[in-house]
Amino acid sequence: MLLYSQKVNDVHRERWKDGDWTDDTDHVVVIMQSLLYNKGEAAYEVWEKSRNRFAPNGAVMRTSVLGLHQWYDLEAVVKNALAICKCTHYDPRCQASSVAVSVAVALMLQHTSKEKASGNKSPRPVDVTAVIKQAYDLACQALTTKEEKEELWWYMNCTKLKTLKLDEQDKIGFTYKCMGSAFWAFKQKDFQKALIKVLMAGGDADTNTAVAGALLACKLGVSAIPDPWLDGLVHKEWLDGYINRFLHLQEEMTLPIEQRTPSNDLDLKLLLDADKERHMKKEEERKRKYEEKLKALEEEKAKKEASTAS
């Protein structure tokens with residue numbers, strides 16, 4: 001078992017408390033908050049940017065939650081994934097990877113819904129091969145050439161994690177590496193072992209495990225996640241609150257927007273003010289610890305000087 005308490009507090013990791021998450025989860029939460037505030041109707045900025053040669057993973061890391069939003073409507077899932085992706089990552093490969101992950105989540109939820117409705121005492125497991133094929137078919141619509149589509153297919157069907165070279169120099173942030181590691185994990189049966197293997201492969205580890213965890217947990221169920229990983233989350237109660245509200249929104253999506261539950265507490269100004277307050281408190285706490293450490297060093301120095309003088 002890999003526990004939060006085993007985290008190595010080097011100059012990078014010491015910035016997070018044990019059980020805290022990184023920017024990848026932050027992005028997912030922001031999308032969830034945006035959909036709640038707009039009652040399920042996504043609002044997007046108009047973007048104008050040229051295509052980049054390098055396709056980073058900043059979009060795919062945040063779009064798994066869009067597979068849950070309107071999961072019963074694949075057309076809506078694709079539309080939402082593309083729109084959220086294009087806000088910041090226009091490259092077709094970013095679009096394809098975002099669609100692939102979101103659609104895979106939606107397909108698994110559709111499968112679970114059908115199995116529950118059938119009343120089968122022994123529900124059939126998710127057909128991994130079929131999910132990958134259907135997700136690919138929709139994702140490759142963002143691509144143009146045969147070579148581009150073959151590249152996407154290769155990454156989605158990877159069976160050996162090491163072939164992805166997740167720690168490849170100058171390429172760790174490539175969107176297909178993240179997506180490929182997620183679909184590799186999707187094929188596994190043990191959540192903990194799969195996530196630790198992705199983590200230990202290096203590269204952009206927090207992003208890769210965030211997306212890999214989303215796909216595999218959706219397939220295996222939340223019970224597959226080790227209890228210490230869930231119970232040890234620093235902001236678990238806060239996050240659970242948003243998740244429950246988001247699930248309730250899914251039940252209301254068939255209603256006219258004016259009849260859906262408002263989330264006025266997610267007004268941008270209120271969130272920014274609250275963020276500033278949290279930042280001030282964090283800085284005050286950091287300053288207090290620094291002063292305490294400095295005082296302790298000064299006291300230790302005084303003791304040594306007194307000992308030497310005597």
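Rounded to the nearest 0.05, what FRET efficiency do ALA309 and LYS281 have when you use their Cβ-Cβ distance and R0 = 41 Å? Display every interim value, and only then the final one.
On the way: r = 42 Å, r/R0 = 1.02.
For ALA309 and LYS281, the calculated efficiency is 0.45.
How far, in degrees from 0 to 90, does helix 128-139 lean away from the longest principal axis of the Cα atoms of the chain, to the nearest 10?
90
Stretch ASN9-ASP267 to full length: gain in nm at 0.36 nm per residue minus the Cα-Cα span? Write out the running numbers ahead of the final one.
On the way: separation 258, 0.36 × 258 = 92.88 nm, distance 3.55 nm.
Length difference between fully extended and current span is 89.3 nm.
Put a dot 7 Å past each Cα toward the Cβ at GLN259 and LYS295; how far apart are the dots in nm?
Distance between the two pseudo-spin positions: 6.1 nm.
Rounded to the nearest 10 degrees, what's the angle between the helix 205-220 long axis and the longest principal axis of the chain, both from Cα atoms, 0 to 90?
Tilt of helix 205-220: around 50 degrees.
May I ask you to order 120-132, 284-296, 168-180 by the average number of other C-beta atoms within 10 Å around their residues, highest value first?
Values: 120-132: 12.7, 284-296: 10.0, 168-180: 20.3.
Taking the mean over residues of other Cβ atoms within 10 Å, the ranking is 168-180, 120-132, 284-296.
Extending each Cα 7 Å along its Cβ direction at THR88 and THR129, get the distance between those two points in nm, one decimal.
3.7
So for HIS235, HIS111, fewest C-beta neighbours within 10 Å to most, what's the order? Walk me through the intermediate numbers first.
Details: HIS235 15, HIS111 18.
Fewest-to-most Cβ neighbours within 10 Å comes out as HIS235, HIS111.
At a Cα cut-off below 22 Å, give the lysines reachable from LYS287, other chains included and same-chain residues fewer than 8 away excluded.
Leaving aside lysines fewer than 8 places away in the same chain, those within reach of LYS287 are LYS17, LYS276, LYS295, LYS301.
So if each residue of separation counts as 0.36 nm, and I subtract the Cα-Cα distance between GLN250 and THR163, what length gain in nm does that give? All intermediate terms of the calculation are to be shown ahead of the outcome.
Numbers: separation 87, 0.36 × 87 = 31.32 nm, distance 3.81 nm.
Value of the extension gain: 27.5 nm.
Between 0 and 90 degrees, rounded to the nearest ten: what's the tilt of helix 191-200 against the longest Cα principal axis of the chain?
Value to nearest ten degrees: 60.
So, in Å, what gap is there between the alpha-carbon centers of the range 251-293 and the range 59-79?
Here the two parts' Cα centres lie 24 Å apart.
Given a cut-off of 27 Å, name the pairs among LYS162/LYS219; LYS121/LYS219; LYS177/LYS282 whose C-alpha atoms lie farther apart than that in the structure shown. Don't skip to the answer; put the middle values down first.
Details: LYS162/LYS219 23 Å; LYS121/LYS219 18 Å; LYS177/LYS282 34 Å.
Table pairs above 27 Å Cα-Cα are LYS177/LYS282.
If each DSSP helix of 4+ residues adds -39,500 (n - 2.57) and the sum is divided by the residues in the chain, what number results at 222 nm, nearest 500 deg cm²/dmol? If you can, show how the numbers build up before the last one.
On the way: 12 runs with 184 residues, N = 310.
Estimated from H runs of four or more residues: -19500 deg cm²/dmol.
What FRET efficiency comes out for LYS189 versus VAL30 if R0 is 35 angstrom and r is the Cβ-Cβ distance? Round to the nearest 0.05.
On the way: r = 32 Å, r/R0 = 0.91.
Between LYS189 and VAL30 the formula returns 0.65.
Using a Gaussian network model of the chain with C-alpha springs under 10 Å, which one of LEU249, LEU270, LEU109 is most mobile by mean-square fluctuation?
LEU270
Applying 1/(1 + (r/R0)^6) with R0 = 22 Å to the Cβ-Cβ distance of ASP137 and ASP73, what FRET efficiency is obtained, to the nearest 0.05? Don't jump to the answer; show the numbers that get you there.
Numbers: r = 16 Å, r/R0 = 0.74.
Step by step, r from the Cβ atoms, then E = 0.85.
Just checking my list [x] 1.15; [y] 0.99; [z] 0.95 against Cα Rg over 2.2 N^0.38 Å computed from this structure; which label fits?
Recomputing Cα Rg over 2.2 N^0.38 Å here picks out [x].
Could you sort the peptides 147-157, 221-231 by per-residue average Cβ neighbour count (10 Å cutoff), highest mean leading? All intermediate terms of the calculation are to be shown ahead of the outcome.
Values: 147-157: 16.8, 221-231: 12.3.
Packing order, densest peptide first, comes out as 147-157, 221-231.
No lab work stands behind these numbers, since they all come straight from the coordinates. Quick caveat, the model's predicted, so the values are computed rather than measured. Here the Cβ is made from the backbone with ideal geometry for all residues, glycine too, and neighbour counts use every protein chain on show.
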